[in-house]
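Report on the following structure.
The values are calculated or read from the model by the stated rules, or taken from the named source; none is laboratory data. The model shown is predicted, which means the values in this text are computed figures rather than measured ones. Cβ coordinates were reconstructed from backbone atoms using ideal geometry, including for glycine residues, and neighbour counts include every protein chain displayed.
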Ligand code: 3HC
């Protein structure tokens with residue numbers, strides 16, 4: 001009965017154990033996990049586009065091979081996460097439909113354009129760097145399939161972040177034009193990367209409940225601060241300037257102070273009015289439609305196999 005189920009659910013949380021698909025769970029817990037995990041999966045899949053844009057134009061075979069590997073990793077991350085979401089009872093086709101009809105959220109960061117090669121460095125260093133700050137705590141999420149998917153994803157994210165840092169380092173050790181290109185890219189990606197962590201805690205309707213359920217382990221502002229503290233010394237090594245004059249070490253806080261972010265830009269992007277929202281969704285829809293024949297063929301083959309083995 002529900003009473004035992006709820007008691008067991010509370011015990012699992014209190015003992016830092018995992019809640020598994022077959023365990024009883026509150027409907028709202030299931031709902032918020034479907035919300036977060038499907039959005040996370042959509043982010044990985046849409047996140048393939050900004051970088052995919054540069055695979056055919058990478059400056060060397062080595063850079064091309066690394067970028068292809070990274071984009072393939074993102075596809076795999078999307079697969080793990082869609083599968084994790086399905087264990088909660090949502091259908092894969094339903095999630096895809098929500099994305100291609102523009103009803104689903106995915107990370108704001110992927111609605112920005114990638115006009116220069118240096119953006120491949122900024123995405124790796126800043127976007128994957130932010131994703132690591134956000135995803136490492138998620139390895140301890142109370143829902144088993146999500147936490148375990150995160151463990152696998154985090155192993156690959158560190159390579160993603162390192163190769164981005166290395167692209168920027170190569171540019172900063174290059175010509176004046178290359179240095180200017182790297183700096184211009186960092187100027188565009190710094191603030192949107194900080195907004196990836198979500199709105200300020202005071203404007204975060206899901207945080208309190210997500211933290212009570214051991215899904216979110218640290219608040220949006222805590223992780224954003226951790227990210228900035230990590231970024232400042234790395235920017236010094238790179239020789240790039242972070243486009244935020246308010247950044248300065250605060251001795252008594254033991255953290256870097258940094259400037260306010262433009263939350264109207266954030267809500268514009270979330271409302272679908274970012275620089276690249278329309279192209280990201282339409283490209284995803286076209287890819288989905290172009291792939292229909294593969295899905296139909298696979299289903300026809302599986303049905304034939306099933307009838308053959310049943311005969
Ligand atoms: N982009 C889009 N929507 C965002 C957002 C962002 N950066 N930050 C917050 N939001 C949305 C939330 O989804 C929520 O809307 P909803 O209720 O309709 O879902 C609303 O804004 C309020 O935000 P909350 O803080 O209340 O929401 P959460 O508690 O869910 O916190 C989050 C937001 C920190 C992004 C959390 O959902 C999370 O940790 N998600 C998993 C991590 C994730 O999605 N990362 C994507 C990074 S990109 C990536 O992983 C690819 C990388 O490998 C390159």
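Here is how the numbers come out for the structure above:
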item	result
Those residues of the range 253-294 which are exposed (fewer than 12 other Cβ atoms within 10 Å of the Cβ) and closer than 18 Å to residue 92 by Cβ, in sequence order	289, 290, 291, 292, 293, 294
Residue pairs meeting the criteria (Cβ under 7 Å; at least 6 apart or on separate chains; first farther than 18 Å from residue 184 by Cα and at pLDDT below 95, in the range 106-134; second within 12 Å of the ligand (Cβ to nearest atom) and assigned to a helix (DSSP H, G or I))	none
Residues of the range 231-252 satisfying the condition of being over 27 Å from residue 177 (Cα atoms) and either touching a helix residue (DSSP H, G or I) at 6+ places or on another chain (Cβ under 9 Å) or in contact (Cβ under 8 Å) with a residue 24 or more places away in the chain (or both)	249
Number of the exception - residue 13 against (1) within 14 Å of the ligand (Cβ to nearest atom); (2) assigned to a helix (DSSP H, G or I)	(1)
First in the range 52-64 and free of Cβ contacts under 8 Å to residues at least 40 places away in the same chain, second anywhere and crowded, with 16+ Cβ neighbours inside 10 Å and not in a helix (DSSP H, G or I), Cβ under 9 Å, 6 or more apart	64/54; 64/58
Hits in the range 180-211 (condition: without any contact (Cβ under 8 Å) to a residue 60 or more places away in the chain and either more than 16 Å from the ligand (Cβ to nearest atom) or assigned to a helix (DSSP H, G or I) (or both))	180, 183, 187, 201, 202, 207, 208, 211
Unmet requirement for residue 124, which otherwise passes all of (1) buried (at least 20 other Cβ atoms within 10 Å of the Cβ); (2) more than 9 Å from the ligand (Cβ to nearest atom); (3) within 17 Å of the chain's Cα centre (by Cα)	(2)
